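A.B. asks: Got a structure here, written out as structure tokens. Questions coming.
Every read-out reported here was derived from the displayed coordinates using simple, explicitly stated rules and does not represent laboratory data. Everything numeric in this text was worked out from a predicted model, so none of it was measured. No Cβ is skipped: glycine too gets one built from the backbone with ideal geometry, and neighbour counts run over all protein chains shown.
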Amino acid sequence: MTQPSRSQTSVSSRAWAEMGLLGVIWGASFLSIKVGLEEIPFLTLVAHRVVWACVILWIYVLIRRLPVPGDPRIWGAFLLMGLLNNVIPFSLMTWGQQFIETGLTSIFNAGTAIFGVLVAALVFADERLTPRKAIGVMVAFFGVAVAIGLDSFREFDIRSLAQLAVIGGTISYAFAGAWARSTLHGLSPPVAAAGMLTGASLLILPAALIIDGTPHLPTLPQTYVAIIYFSGIGTAFAYLLYYRVLAMAGVGNVMLVTLLIPPVAIVLGALVLGERLAPQAFAGFSLLVVGLLILDGRSLRKLPWGKRIR
């Protein structure tokens with residue numbers, strides 16, 4: 001995958017609009033997954049998500065006549081990438097969303113950037129953990145802890161386990177980002193995404209068939225709508241849009257999309273499902289936003305003393 005320059009800070013109005021669209025698409029994905037879970041076992045739902053998205057992206061690749069790699073090592077990298085970026089996080093988050101609210105799942109998902117910074121600092125020499133990044137990580141971690149709530153630490157139950165499962169998914173995303181940077185650089189983003197989803201499909205289909213059994217046709221119309229949305233729009237189209245925005249706005253700016261997703265998911269969860277989050281969830285998200293803005297660094301540098309913190 002090609003990576004844009006990290007120094008890119010100027011963002012066009014079109015890039016901001018597409019970043020906003022991406023935030024809305026991913027925010028609504030949490031609702032569609034929750035709707036799908038009403039009728040589909042969680043592993044089968046994940047299989048629907050990756051398989052149909054995989055088919056759509058390969059059709060796109062064929063229409064565009066993009067070159068497909070033939071090196072077995074690259075396909076091995078696709079397999080591991082599919083495990084780290086799709087099978088593990090999708091499965092953990094989808095399972096967890098059975099027991100916690102849509103909006104709360106999206107708040108924990110926003111913590112992906114925290115673990116991404118930590119994993120990058122461990123793996124790459126040019127991603128050292130500066131004092132500013134360390135402060136941002138600590139503030140964001142505290143936000144996650146507040147969102148989980150002290151009761152979850154005192155009385156461990158299925159809800160507590162679900163929250164940890166979602167956080168486990170964000171950790172897997174972080175390792176996937178490091179693996180992609182190490183092994184998939186230089187590939188066309190649509191091809192890399194299609195290859196990754198191919199690897200994910202090869203892994204999740206046998207698991208879903210063994211654990212969930214032979215899938216049955218859904219009976220509810222909204223389930224079909226949910227499948228179309230989270231596979232076609234929330235995964236296939238969202239990947240294409242993500243890499244487009246990445247090329248226009250740069251890595252640092254695209255990270256801010258994670259701040260747009262929870263408000264969308266929270267509002268949709270409240271309007272459609274009648275969900276209500278505890279005040280601690282909003283307090284935790286506020287701290288998470290502060291931590292992510294510190295990680296981004298640009299807001300901090302506008303302060304009189306902010307330039308001294310690197």
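A.B. asks: Looking at (1) more than 18 Å from the chain's Cα centre (by Cα); (2) assigned to a helix (DSSP H, G or I); (3) not polar (S, T, N, Q), find the lone condition where residue 266 falls short.
C.D. replies: (1)
A.B. asks: Across segment 117-159, what is the number of residues that are surrounded by fewer than 22 Cβ atoms within 10 Å (Cβ to Cβ), among the small types (Gly, Ala, Ser) and over 23 Å from residue 270 (Cβ atoms)?
C.D. replies: Total meeting the criteria: 5.
A.B. asks: Something else now. Filter segment 221-249 for residues that are more than 27 Å from residue 284 (Cα to Cα) and of a type in the set (Gly, Ala, Ser) and give the result.
C.D. replies: Selection gives 226, 231, 232, 236, 247, 249.
To keep it simple, each residue is scored yes or no on (1) touching a Ser or Thr at 6+ places or on another chain (Cβ under 7 Å); (2) within 20 Å of residue 231 (Cβ to Cβ).
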site	(1), (2)
74	no, no
78	yes, yes
91	no, yes
97	yes, yes
103	no, no
110	yes, no
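A.B. asks: From the residues in segment 48-75 that are of a type in the set (A, V, I, L, M), part of a helix (DSSP H, G or I) and in contact with a Pro (Cβ under 8 Å, 6 or more places away or on another chain), which one is surrounded by the most Cβ atoms within 10 Å (Cβ to Cβ)? So that I can check it myself, show each step before the final result.
C.D. replies: Pass one, segment 48-75, residues of a type in the set (A, V, I, L, M): 50-51, 53, 55-57, 59, 61-63, 66, 68, 74.
Within this subset, residues satisfying the condition of being part of a helix (DSSP H, G or I) are 50-51, 53, 55-57, 59, 61-63, 74.
Those left that are additionally in contact with a Pro (Cβ under 8 Å, 6 or more places away or on another chain): 57, 61.
Values: 57: 24, 61: 18.
The residue in question is 57.
A.B. asks: Also, I was wondering about something else. Of all the helices (runs of 4 or more DSSP H) wholly in segment 143-244, which have at least 2 residues that are under 21 Å from the mean Cα position of the chain (by Cα) and of a type in the set (A, V, I, L, M)?
C.D. replies: Details: elements: 150-154, 158-183, 189-212, 221-227.
Ranges flagged: 158-183, 189-212, 221-227.
A.B. asks: Sticking with this one: If residue 90 satisfies every condition in (1) buried (at least 22 other Cβ atoms within 10 Å of the Cβ); (2) in contact with a Phe, Trp or Tyr (Cβ under 8 Å, 6 or more places away or on another chain); (3) not polar (S, T, N, Q) but one, which is the exception?
C.D. replies: Residue 90 satisfies all of (1) buried (at least 22 other Cβ atoms within 10 Å of the Cβ); (2) in contact with a Phe, Trp or Tyr (Cβ under 8 Å, 6 or more places away or on another chain); (3) not polar (S, T, N, Q) except (2).
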